[in-house]
1. In segment 206-241, which residues have a backbone nitrogen under 16 Å from the label point lying 7 Å from residue 250's Cα in the Cα-to-Cβ direction?
2. Each label point is 7 Å from the Cα along the Cα-to-Cβ direction; what then is the distance between the points at residue 205 and residue 291, in nm?
3. Only Lys, Arg, Asp and Glu count, each charged at its Cβ (+1, +1, -1, -1), so figure out the dipole size of segment 216-374 about its Cα centre, rounded to 20 debye.
4. Order these by the 10 Å Cβ neighbour count, fewest first: 276, 377, 40.
5. Which of the listed residues, 98, 155, 216, is farthest toward the dipole's positive end in the chain, when Lys, Arg count +1 and Asp, Glu count -1 at the beta-carbon?
6. What does the extension gain come out to for residue 284 and residue 73, with contour length at 0.36 nm per residue minus their alpha carbon separation?
7. Neighbour counts of other C-beta atoms within 10 Å: give me 119, 363, 66 arranged from fewest to most.
8. Just to check I understand the Karplus step: with θ = phi - 60° and J = 6.51 cos²θ - 1.76 cosθ + 1.60, what whole-Hz values come out for segment 36-48, glycine and proline as x?
Amino acid sequence: MISAEGMEIEELDPTTSRLVIDQIDPENLVPGGTDTCIHDLVKFGNENILIVGVTRSTTMALGTWHVFPLAGRKICFFPVARIDRTVSTRSLKVPHSFRLALGLARYRRRLPNMPAQVHRIEIGAVVAVLFRNRPFCQFVHNDARGLTSDASESVWRKLRRFYFALERVSLRSASSVVAFTATDYQRLLALSGNVIPAVTWYDSTVFTPSRIRTSPSEGHKLLFVGRLESQKDPLLVVSAFAVVARRRPDVTLLMVGEGSLRDSVERRVREEGLSDRVVLAGAVPRSEVAHEMQRAHTMLLLSHFEGSPRVVAEALATGLTVIATSEADPDRILDGSNGLRVSGRDSEEIGAKVLEFLSNPVHDEYCCDSVRTRSADIAVPSLIEVTRKKFSRVP
């Protein structure tokens, strides 16, 4: 009998339970990305979600079930590898996902026989090989062509052929594929007939309409939220802001996020003479991100590629307008009434568009209304239900 602190896992109904397998550490969540997705599936879902992941704790036993609090619920957690995710993956000799895969192979016989859900292509391929008869759902969070491009900081930019080989194994074995990428949907559909189009959601208990946003006449606050990595192009954000700053002395920029380009961003800020108008806040908890969105007037997102960026929905839910490159808004949610999509990556042109937009303020309620159907309490139960039905089918 498999149990966790008195909870008999084997007695859980497999039709309303699933294993979520990812390099997540529930005790040390990373803001954004797959961690936020899994957190919200636990918080708003109507299933028993058991997490197979990693831990940086030196005392927590591996290969053993633990009961752990997450998102206001008690979950069963099964760590298979000891990983400190605060250490940059660029400095590691063994990638996190490879260590997770090794742990899965080592402890696979201790896992209950129930459907699984994975959030990385390489882990999907591992599950397909290790658990041949187990139905699983593959979540795809990014456009593969962007992920393997030179604009990506991922290791897959150097291993393109290997990535697409793993993708074929995973997608052809999965019971369903949840695609958070409108730009890659048709290509994924050619690999699997069970692709479910999806868009990211926002937590309506955290990202609420602002009651503290001041009038732009008191000073316009620009905001950037994202990793300081090449995909998000934070250097272009600073350069575009420099164009704005030369014309608008009342505008400031707050950059929320951390990454390997921090030193380069700080250097660009100094070179542009903007040290007194740009603040780098580093990584902050989700609640603080929401607070900064409620204080800001416009958010910039100038990524080279995205899947379905959660940060856009979160910003709009607080009434914050968004200016994004076309690549950063693949869902085409920005329509002029809630923000602006810009083409091209020239800082002068982007800066000019920002200046034009700032002179024509948008009402907060337009932003909030544009994402009401993306609230997690609506989107998550619906997604869980449709993937649950797919589990009963043989891929």
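Every number here is computed from the coordinates shown, using simple stated rules; none is lab data. Since this is a predicted model, take the numbers as computed values, not measurements. Using ideal geometry, Cβ is built from the backbone for each residue, glycine included, and neighbour counts are taken over all protein chains shown.
1. What the label zone holds, given the 16 Å backbone N cut-off, is 213-222.
2. Computed distance between label sites residue 205 and residue 291 equals 1.9 nm.
3. Here the size comes out at about 120 debye.
4. 276, 377, 40
5. 98
6. Additional length available on full extension: 73.7 nm.
7. 363, 66, 119
8. Each residue of segment 36-48 in turn: 5, 4, 5, 3, 6, 5, 5, 5, 10, x, 10, 10, 7 Hz.
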